[in-house]
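Right, one structure below, let's go through it.
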Amino acid sequence: MKYVFDYSWLAQYWPVFVKGLLITIQLIAIGAVVGIALGIACAWVRSLGPKWLRPPVTAYVELIRNTPFLIQLFFIFFGLPSLGVQMSELQAANLAMIINLGAYSCEIIRAGIQATPRGQFEAGASLAMSPFETFRHVVLVPSLERIWPALTSQVIIVMLGSSVVSQIAAEDLTFAANFIQSRTFRAFEAYFISTAIYLVLAIALRQILVLTGKLIFPRRVRQ
Amino acid sequence: MTEFSLWDIVRNLLLATRWTVLLSLVSFIGGGLVATLLLFMRIGRRRVFQFIAKYYVELFQGTPLLMQLFLAFFGLGLFGVDVPAWLAAGFALILWSAAFLAEIWRGCVQSVAKGQWEASASLGMGYVQQMRYVVIPQALKIAVPPTVGFSVQIVKGTALTSIIGFVELSKAGTIVTNATFQPFTVYGLVALIYFALCWPLSKCSQILERKLNVAHRSH
């Protein structure tokens, strides 16, 4: 192997990585919060909501879970404008991530809701709680607590999957690597560094979500 | 300008689907073989191997598949070989799916009750015999539904190989779009073909899981 690794370009180009990293963080922050909210709404519909709403929500979940994120992104960014819906790259990326995480988290949260014992609903009702209050306090919070680790993994998977948004020219971390390699011809080095950044980001995100879980669910019995 | 009928679009997409299917099969089988190796490293008794297998999985699960594809594409090239896209794609997908399959199967092996290990040890079985006659047969049964479920992730993962220039269903979608200027129809059809590939696998995994649970309850 005669190849000589060269990282001297880093001195000039590191701000590009920082800019890309910030966009990736912004994408996953919005995607995670809105996506999980959408997931909760869909999980409610699928387990307790009105019967007529269930088929469309099920169709949405199945369709998203069984098609690649890349195609969802292309459909939103390239396909929807022919229906008159135009979006910027970042808006399309955000929307695709929200829709994607919404479907996956719906299934995860629904599993949590279904594990709620029947008696809990009755207990809520007997304390004169409205159905909404029962759902909010008795069902949802313990359900989320139960499935928090699975949800954490899913958010990380979506964060890693967001590297694809560079393909519609949303300027995320992968886009930064593409940009740098096209300028410096140091493809391997550029992708190596961005991969390392993604790894650190994944580890950090896991820690943040575990901490968030401890904050939201302080009652959790420590094992 | 040539006009493209819907059939022209569908026909070209279906022709490209063969490559998606082939790449998925290669990744699944190759990944399964590497995963078996990783699994035995992980559950074996050698500390060094445990360490390597553990961090292999962490590394591949903690970085984007797209980055792994890029690194395989440009990294293999560093050895002075001219790397065709299909080689880099197959290589990266095998390593990636191996990490996930190894982790899934490790969970299955570990879910075999500790008492089973102790019981087989008390019958004077050695490590290999315990594995061969007691643990693996039970773990295999538990492993089927999540493994089928993961095959869906592999099919979807192959879409990313279009980015390094492997012409499969997604890339064909882009090419056909550029020729027909009908992104809505083309990407809609691409999504439907992926759905037709993945949905039966998902359903299969769900049904197997339900059957397995029933079998467990009747014990």
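The values are calculated or read from the model by the stated rules, or taken from the named source; none is laboratory data. Just so you know, these numbers come straight off a predicted model, no measurement behind them. Positions of Cβ are backbone-derived with ideal geometry, glycine not excepted, and every protein chain shown enters the neighbour counts.
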Matching residues in region B:73-92 (within 19 Å of residue A:164 (Cα to Cα) and facing chain A (nearest Cβ under 10 Å)) number 2
Meets criteria (surrounded by 13 or more Cβ atoms within 10 Å (Cβ to Cβ), in contact with a helix residue (DSSP H, G or I) (Cβ under 7 Å, 6 or more places away or on another chain) and part of a loop (DSSP other than H, G, I, E, B)) for residue B:109: no
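Where residues in region B:146-182 are among the aromatic types (Phe, Trp, Tyr) and over 17 Å from the mean Cα position of the chain (by Cα), which of them is farthest from residue B:212 (Cα to Cα)?
From region B:146-182, those among the aromatic types (Phe, Trp, Tyr) are B:150, B:166, B:181; that's our starting set.
Filter once more, so that each one left must be over 17 Å from the mean Cα position of the chain (by Cα): B:166, B:181.
Numbers: B:166: 38, B:181: 48 Å.
Only one residue fits best here, namely B:181.
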Scan (1) surrounded by fewer than 22 Cβ atoms within 10 Å (Cβ to Cβ); (2) within 22 Å of residue B:14 (Cβ to Cβ) for the single condition residue B:186 breaks and write down its number. (1)
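Go through the residues of region B:51-70 one by one and say whether even a single one is of a type in the set (Val, Ile, Thr), more than 13 Å from every other protein chain (Cβ to nearest Cβ) and buried (at least 18 other Cβ atoms within 10 Å of the Cβ).
No, because not a single residue in region B:51-70 is of a type in the set (Val, Ile, Thr), more than 13 Å from every other protein chain (Cβ to nearest Cβ) and buried (at least 18 other Cβ atoms within 10 Å of the Cβ).
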Scan region A:104-134 for residues that are modelled with pLDDT of 90 or more and of a type in the set (Phe, Trp, Tyr) and jot them down. A:104
Does region A:201-211 contain at least one residue that is away from chain B (no Cβ under 11 Å), under 16 Å from the mean Cα position of the chain (by Cα), in contact (Cβ under 8 Å) with a residue 24 or more places away in the chain and closer than 30 Å to residue B:55 by Cβ? yes
Do we have residue A:61 as out of contact with any strand residue (DSSP E or B) (no Cβ under 6 Å at 6 or more places or on another chain), in a helix (DSSP H, G or I), within 14 Å of another protein chain (Cβ to nearest Cβ) and among the hydrophobic types (A, V, I, L, M, F, W, C) here? yes
Can you list residue pairs whose Cβ atoms sit under 8 Å apart, with the first residue in region B:120-139 being within 15 Å of residue B:110 (Cβ to Cβ) and the second being at pLDDT below 90 and loosely packed, with under 12 Cβ neighbours inside 10 Å? Count only pairs 6 or more apart in sequence or on different chains. B:139/B:111
Checking residue A:118 against (1) within 30 Å of residue B:100 (Cβ to Cβ); (2) over 23 Å from the mean Cα position of the chain (by Cα): exactly one of these is not met. Which one? (1)
Those residues of region A:4-40 which are within 14 Å of chain B (Cβ to nearest Cβ), in contact (Cβ under 8 Å) with a residue 24 or more places away in the chain and not in a helix (DSSP H, G or I) amount to A:5, A:6
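What is the residue count in region B:178-208 for residues that are within 7 Å of chain A (Cβ to nearest Cβ) and within 20 Å of residue A:85 (Cβ to Cβ)? If you could, list the steps in order and put the result at the bottom.
Step one: filter region B:178-208 for residues within 7 Å of chain A (Cβ to nearest Cβ), giving B:183-184, B:187-188, B:190-191, B:194-195, B:198-199, B:202.
Still in the running and within 20 Å of residue A:85 (Cβ to Cβ): B:183-184, B:187-188, B:190-191.
Selection size over region B:178-208: 6.
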Only one of B:147, B:158 is assigned to a helix (DSSP H, G or I), of a type in the set (S, T, N, Q), away from every other protein chain (no Cβ under 11 Å) and in contact (Cβ under 8 Å) with a residue 24 or more places away in the chain, namely B:147
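Identify all residues within region B:73-91 that are among the small types (Gly, Ala, Ser) and touching a residue at least 60 places away in the same chain (Cβ under 8 Å); write none if there are none. First the steps, then the outcome.
From region B:73-91, those among the small types (Gly, Ala, Ser) are B:75, B:77, B:80, B:85, B:88-90; that's our starting set.
Within region B:73-91, B:85, B:88, B:89, B:90 qualify.
Of the residues in region B:178-200, how many are free of Cβ contacts under 8 Å to residues at least 24 places away in the same chain and assigned to a helix (DSSP H, G or I)? Explain how you work it out, then say what you get.
In the first step, residues of region B:178-200 are kept if they are free of Cβ contacts under 8 Å to residues at least 24 places away in the same chain; the result is B:178, B:181, B:183-184, B:187-188, B:191-192, B:195-196, B:199-200.
Right, trim to assigned to a helix (DSSP H, G or I) and you get B:178, B:183-184, B:187-188, B:191-192, B:195-196, B:199-200.
Total satisfying the criteria: 11.
Among B:36, B:20, which is surrounded by 18 or more Cβ atoms within 10 Å (Cβ to Cβ), in contact with a Leu (Cβ under 9 Å, 6 or more places away or on another chain), hydroxyl-bearing (Ser, Thr, Tyr) and on the phi < 0 side of the Ramachandran plot? Walk me through how you get there before you give the answer.
On the way: B:36 fails: surrounded by 18 or more Cβ atoms within 10 Å (Cβ to Cβ).
Going through B:36, B:20 in turn, the sole match is B:20.
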Check off (1) of a type in the set (S, T, N, Q); (2) touching a residue at least 40 places away in the same chain (Cβ under 8 Å); (3) farther than 20 Å from residue A:68 by Cα for residue B:61 and give me the number that stays unchecked. (3)
Which of the numbered conditions does residue B:122 fail, given that it passes all the others? Conditions: (1) hydroxyl-bearing (Ser, Thr, Tyr); (2) over 25 Å from residue B:67 (Cα atoms); (3) touching a helix residue (DSSP H, G or I) at 6+ places or on another chain (Cβ under 9 Å). (3)
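Test of understanding: among A:82, A:153, which residue is within 13 Å of chain B (Cβ to nearest Cβ), small (Gly, Ala, Ser), on the phi < 0 side of the Ramachandran plot and in contact with a Phe, Trp or Tyr (Cβ under 9 Å, 6 or more places away or on another chain)? Even if it seems obvious, please write down each step before you answer.
Numbers: A:153 fails: in contact with a Phe, Trp or Tyr (Cβ under 9 Å, 6 or more places away or on another chain).
None of the other options fit; the residue is A:82.
Where residues in region A:158-198 are surrounded by fewer than 18 Cβ atoms within 10 Å (Cβ to Cβ) and assigned to a helix (DSSP H, G or I), which of them is nearest to the other protein chains (Cβ to nearest Cβ)? Walk me through it before giving the result.
The first filter runs over region A:158-198 and keeps only residues surrounded by fewer than 18 Cβ atoms within 10 Å (Cβ to Cβ), leaving A:169, A:182-185, A:196.
With assigned to a helix (DSSP H, G or I) added as a condition, the list becomes A:182-184, A:196.
On the way: A:182: 13, A:183: 15, A:184: 13, A:196: 8 Å.
That would be A:196.
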